[in-house]
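Handing you a structure now.
The values are calculated or read from the model by the stated rules, or taken from the named source; none is laboratory data. Just so you know, these numbers come straight off a predicted model, no measurement behind them. In this analysis, Cβ positions are derived from the backbone assuming ideal geometry, glycine residues included, and neighbour counts consider all displayed protein chains.
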Amino acid sequence: MSVDSKGPLVISAKQSTPKRVTPGKPRKGGKVIGQIPVELLNDPLLQDAMKSLPQNYNFEIPKTIWRARSIGAKRVALQFPEGLLLFACTISDIIERFTDADTLIMGDVTYGACCVDDFTARALGADLMVHYGHSCLVPINITSDINMLYVFVDIQIDTAHFIDTIRHNFDPGSSIALVSTIQFIGAVHASAGELQSDYTVVLPQARPLSKGEILGCTAPQLNQVDYIIYLGDGRFHLESIMIANPAIEAYKYDPYSKVFSREYYETERMHGLRQEAIEKARQGKKIGLILGTLGRQGSPNVLDSLKEQVTKAGKEYIVVLLSEIFPDKLGLFADIDAWVQIACPRLSIDWGYAFPKPLLSPYEAAVALKSIQWQSRYPMDFYANDSLGPWTPNNQAHRPSRPVRKSKIAIEKGDSSKDIPKSESATSTSTEQGETKR
């Protein structure tokens, strides 16, 4: 297995023997910080309580209980996506039974990791928030006023059937990209290892997402890949990588029904609709900028960037804060010629045609305001670190500048080492130890 830190994980048919990873030594006292006590993991009462949850769903109950106990939590807020809400009461009961905390089940709609609602949890007095079903898209250092725990809810599936399905449908030697959401990433990685003897397996990555993970708004553009294979139910996340890679055949394996299907997307029609909306918005004089307030959807940095672009184009703007965006609501603002929403770009792509006035994503607004040219491959890079421009939250323009690092330079014998800052003009090169040599 070869890992490129700057690109996707590629598993090819010819591989060298992987090196054995030696476990790190425990800290003094025999316990790694954050380690769950064995007595808690083996607690028969807890094990019995967990049997009321699906055995192939990992809700990380012992970890959650230990985290609540460790910080002395008195109130724990639980946030679930719609598909996991049916387990909320059971998990709530278990946490309250095995900790000194009471729980709050947050019932507002949760579309993704961007909807993590730490603001409401803090307002309700929670000292720990557990967000289920999504990866850590909003870093915990940003939600520093409340203790955060992300539970991915890894789901075990029949990987043997998934692997056999791929082998039955694709010729050996093909290059396949395996993608999924965070719940099935474990199954994707395990399957990739089994398939590497017959195929070149690619696990695409759009950082900060994991290798093989995609979102409905974030998926990488691929090269030298014959097929995209999505493991999961539904199409929302799959459509993201299909939009970004319209020339590559896409397939879906539903782990629940075990149905394998070829999937299609009307790329040309979508492009036509979005370009039409962009052209109409370009003619407008007054622009409404919507900052999404559903969890952490809205990005103040992106809002500031759009304000600057609109002002530079000589147009007026107003800012409206909305948790959810509906045509009837926007229709109340009769003097607005076009809207730009900083919430979810898929809202514009999927439903923009249903709004009486153009409803653009930040990328489309950048095209309308001539900050960038229309891209022939629609960029699905909303949360990617290497996105096209400052109309996305994680773009380089919004990251704080890093302090200049210092390293030692070895000088002639008889002198002592001195600390000097690294500079681009330095003629020396850095070694693995961080020292420089002439």
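Hey, can you tell me all the residues within the range 269-326 that are under 26 Å from the mean Cα position of the chain (by Cα) and within 21 Å of Q373 (Cβ to Cβ)?
M270, H271, R274, V302, S305, L306 - these are the residues of the range 269-326 that are under 26 Å from the mean Cα position of the chain (by Cα) and within 21 Å of Q373 (Cβ to Cβ).
Something else: Give the range 84-107 a look and list any residue that's of a type in the set (D, E) and either at pLDDT below 95 or part of a strand (DSSP E or B) (or both), or say none. Break it down stepwise before answering.
First, pick out the residues of the range 84-107 that are of a type in the set (D, E): 93, 96, 100, 102.
Within the range 84-107, just D102 meets the criteria.
Can you name the condition, by its number, that K357 falls short on among (1) within 20 Å of the chain's Cα centre (by Cα); (2) basic (K, R); (3) at pLDDT 95 or above?
With (1) within 20 Å of the chain's Cα centre (by Cα); (2) basic (K, R); (3) at pLDDT 95 or above applied to K357, the lone miss is (1).
Let me confirm something: among V225, V202, which residue is among the β-branched types (V, I, T), out of contact with any helix residue (DSSP H, G or I) (no Cβ under 9 Å at 6 or more places or on another chain) and more than 30 Å from I342 (Cβ to Cβ)? Before you say what the answer is, go through the steps one by one.
Details: V202 fails: out of contact with any helix residue (DSSP H, G or I) (no Cβ under 9 Å at 6 or more places or on another chain).
Of the residues listed, the single one that is among the β-branched types (V, I, T), out of contact with any helix residue (DSSP H, G or I) (no Cβ under 9 Å at 6 or more places or on another chain) and more than 30 Å from I342 (Cβ to Cβ) is V225.
Ok, one more. Among the residues that make up the range 62-73, is at least one of them over 29 Å from the mean Cα position of the chain (by Cα), closer than 22 Å to I155 by Cα and not in a strand (DSSP E or B)?
No, because not a single residue in the range 62-73 is over 29 Å from the mean Cα position of the chain (by Cα), closer than 22 Å to I155 by Cα and not in a strand (DSSP E or B).
Suppose the filter is touching a residue at least 60 places away in the same chain (Cβ under 8 Å) and of a type in the set (S, T, N, Q); does N245 pass it?
So N245 passes the test.
Among the numbered conditions (1) at pLDDT below 95; (2) surrounded by fewer than 18 Cβ atoms within 10 Å (Cβ to Cβ); (3) outside any loop (DSSP other than H, G, I, E, B), tell me where K6 comes up short.
K6 satisfies every listed condition except (3).
Follow-up. Suppose we keep only residues that are among the hydroxyl-bearing types (S, T, Y) and outside any loop (DSSP other than H, G, I, E, B) within the range 138-160. Which one would you say is nearest to W66 (Cα to Cα)?
Initial filter on the range 138-160 (among the hydroxyl-bearing types (S, T, Y)): 143-144, 150, 159.
Subsequent filtering for residues that are outside any loop (DSSP other than H, G, I, E, B) retains 150, 159.
On the way: Y150: 14, T159: 31 Å.
Out of the qualifying residues, it is Y150.
Next question. Got a sec? Which of A160, A190 is without any contact (Cβ under 8 Å) to a residue 12 or more places away in the chain and either surrounded by fewer than 18 Cβ atoms within 10 Å (Cβ to Cβ) or more than 23 Å from N245 (Cβ to Cβ) (or both)?
Of A160, A190, the one residue that is without any contact (Cβ under 8 Å) to a residue 12 or more places away in the chain and either surrounded by fewer than 18 Cβ atoms within 10 Å (Cβ to Cβ) or more than 23 Å from N245 (Cβ to Cβ) (or both) is A160.
Kindly provide the set of residues from the range 369-383 that are more than 23 Å from A219 (Cβ to Cβ), surrounded by 21 or more Cβ atoms within 10 Å (Cβ to Cβ) and either touching a Gly at 6+ places or on another chain (Cβ under 9 Å) or of a type in the set (K, R) (or both), ordered by number.
none
Kindly indicate whether A281 is hydrophobic (A, V, I, L, M, F, W, C) and closer than 19 Å to V340 by Cβ.
yes
Give, as residue ranges, the strands (runs of 3 or more DSSP E) completely inside the range 219-307 that count at least 1 residues that are basic (K, R) and on the phi < 0 side of the Ramachandran plot.
249-253, 260-263, 286-292
So that you can scan it fast, the table gives a plain yes or no per residue for (1) in contact (Cβ under 8 Å) with a residue 60 or more places away in the chain; (2) closer than 24 Å to R399 by Cα; (3) touching a His at 6+ places or on another chain (Cβ under 9 Å):
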position: I140; (1), (2), (3): no, yes, no
position: T165; (1), (2), (3): yes, no, no
position: F184; (1), (2), (3): yes, no, no
position: D198; (1), (2), (3): yes, no, no
position: P204; (1), (2), (3): yes, yes, no
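Give me the residue from the range 147-173 that is among the aromatic types (F, W, Y) and in contact with a strand residue (DSSP E or B) (Cβ under 6 Å, 6 or more places away or on another chain) and, out of that set, modelled with the highest pLDDT.
It comes out as F162.
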